[in-house]
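This report concerns only the one structure given below.
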Amino acid sequence: MSTAIEKIISDHVGVKVHAGEYVETPVDLIYFHDGTGVLVFKHLEEMGVEKLSNVKSAVFFDHSIPPHSIEAATLQRYVLNSCRKYGISSIHFMGEGICHQVVHEKGYVKPGQVVVGADSHTPTLGVLGVLALGVGALDAAYALATGKLWLKIPETILITVKGKLPKGVYAKDVILHIVGSLKAYGALGKAVEFSGSLISDLSVESRFTLCNMAVEMGAVSCFQNIDEKTIKYLKDVGVHEFKVYFSDKDSYAEIFSFDTSSLEPQIACPHSVDNVKPVVEVEGTPIDQVFIGTCTNGRLEDLIEVAKILKKGKVKPYVKLIIIPASKNILLKAISLGLIEIFLESGAMIGIPGCGPCIGMHMGVLGDGEVAISTSSRNFIGRMGSRKSKIYLASPATAAASALTGEITDPRRFL
């Protein structure tokens, strides 16, 4: 019995392998961004690499765009010049969006691939039936130079989710509930596979949210089975030929089951992603800033839900509402649907597609004593700025409702 991930690696290395074994597997795609790119290229230089392998590679400028300092601008220039030096032609410059979103919008990701990204949220791509691994800059540099990655094959945990989504409950609430239940170490060093009737009902966009935050349980990768919805999405981005893998029934290390039928809106409280409670338990907590976006929840369906709520009021005075679409493609669609006009009229600020204040470098960093509610994936101390600030994580709907009231608010009040 083998998991889908074991089967993918077996086909890549040419022999049957299992979890726990160490292998050097060929990779199909390598990508990184302006944040990790500096170290990736420094490692290549230190290794004396003059020519890269023939593996497809792509670079994205998304973490600090436009550059917020002279140092950032200088480092980004180094990354750009290094791309030219090594012949990397797939360069996605400032304003195109977040790497984990744009990389599949461009059709670079195909089911059955081994994908390596120099960023911890690379497992987001597991929605598309790939083995997606977030690695450090040195591993990424080695993969660029050799076309291979050395790794320990992870065991796979199966998480089945059944039921329907109650009013005001979204994929973000589901994954927050799961992370809160299994904790930040619940999948440490393992892969997570999502399945069940709810997963089948979710859109591909919502499924990305689940895989994105599987990392917050310590998972090294995430995987979801390909279905008709996935195939349609792939065809829409120009991907038509690929190989599909499925796990055998008895191949999982552990199985966990969840039912969302009675789930309420959830929120992760400071300062840990697994400090999760129903929103009603912290409702009324004053906030200073609301951030809607990131590779977790900056997609079009997220913005549509936000618009439904923001149409019903104005942002509370002196509350900063920052909305940043995950990609230029999403921004253009939001403009055509009239969403951006709704956001601006409500009092929101619209940012350039990218990571924004998620990493605490620019475009809305938090000051001492400030409290934010964010649709991002992490709320560690100092993540979005001051170490004396606090971050709550919630769905786009909960974030939008809170922007109107100036305090943490159950979105069902506006739905």
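Against the chain, whose longest principal axis is taken from its Cα atoms, helix 34-46 shows a tilt of about 20°. May I ask you to list the aspartates and glutamates whose Cα is less than 16 Å away from that of K110, ignoring any residue fewer than eight positions away on the same chain? Once the sequence-local aspartates and glutamates are set aside, what remains near K110 is D11, D28, D227, E228, D236, E241.
Annotation: aspartates and glutamates with alpha-carbon distance below 12 angstrom to K328 (same-chain offsets under eight excluded): D62, E96, E105. Here the stretch 266-408 is treated with +1 on each Lys and Arg Cβ and -1 on each Asp and Glu Cβ, and its dipole about the Cα centre works out to around 200 debye. Neighbour counting of Cβ atoms within 10 Å sorts the residues S374, S251, fewest neighbours leading, into S251, S374. When each of Y233, Y392, Y78, Y22 is scored by the number of other beta-carbon atoms lying within 10 Å, the sequence from fewest to most is Y22, Y78, Y233, Y392. For C99, the shell of other residues with beta-carbons less than 11 Å away shows a net charge of -4, using +1 for Lys and Arg and -1 for Asp and Glu. Take every DSSP beta bridge whose two residues both sit in the chain, then give the antiparallel share in percent to the nearest 5. Restricted to the chain, the bridges split so that about 20 percent are antiparallel. Straight-line reach from K183: taking Cα to Cα under 29 Å and skipping same-chain neighbours fewer than 8 places apart, the lysines in range are K7, K152, K162, K164, K167, K172, K249, K277, K388, K390. Can you tell me the orientation of helix 70-86 relative to the chain, as the angle in degrees between its alpha-carbon axis and the longest Cα principal axis, to the nearest 10? For helix 70-86, the angle is close to 30 degrees. Residues of the chain were split at every exposed loop site, defined as GluC sites (Glu not before Pro) in a DSSP loop with at most 15 other C-beta atoms within 10 angstrom, and the longest piece left, sites excluded, is 51-240.
Summary of packing: across the peptides 9-17, 140-148, the per-residue average of other C-beta atoms within 10 Å ranks them, highest first, as 140-148, 9-17. Placing unit charges on the Cβ atoms of the charged side chains and taking the dipole of the chain about its Cα centre, the candidate lying farthest along the positive direction among G385, I335, V55 is I335.
Put in line by how crowded their Cβ is, counting other Cβ atoms within 10 Å and starting with the fewest, D236, D139, D173, D259 read D236, D259, D139, D173.
For the stretch 352-415, trypsin sites (Lys or Arg not before Pro) meeting the loop criterion (DSSP other than H, G, I, E, B) and having at most 12 other Cβ atoms within 10 Å: R387, K388. Shown here: Rg and Dmax of the Cα atoms in Å, derived from the displayed model; of the candidates (i) 20.5, 62; (ii) 21.9, 66; (iii) 26.6, 116, it corresponds to (i). The mean sequence distance of close C-alpha pairs (under 8 Å, at least 6 residues apart), as a share of the length of the chain, puts its relative contact order at 18 percent. If one takes the longest principal axis of the Cα atoms in the chain, at what angle in degrees, from 0 to 90 and to the nearest 10, does the Cα axis of helix 137-146 lie? For helix 137-146, the angle is close to 40 degrees.
A short reminder: the numbers here are calculations on the coordinates, not readings from a lab. These figures come from a predicted structure and were not determined experimentally. Using ideal geometry, Cβ is built from the backbone for each residue, glycine included, and neighbour counts are taken over all protein chains shown.
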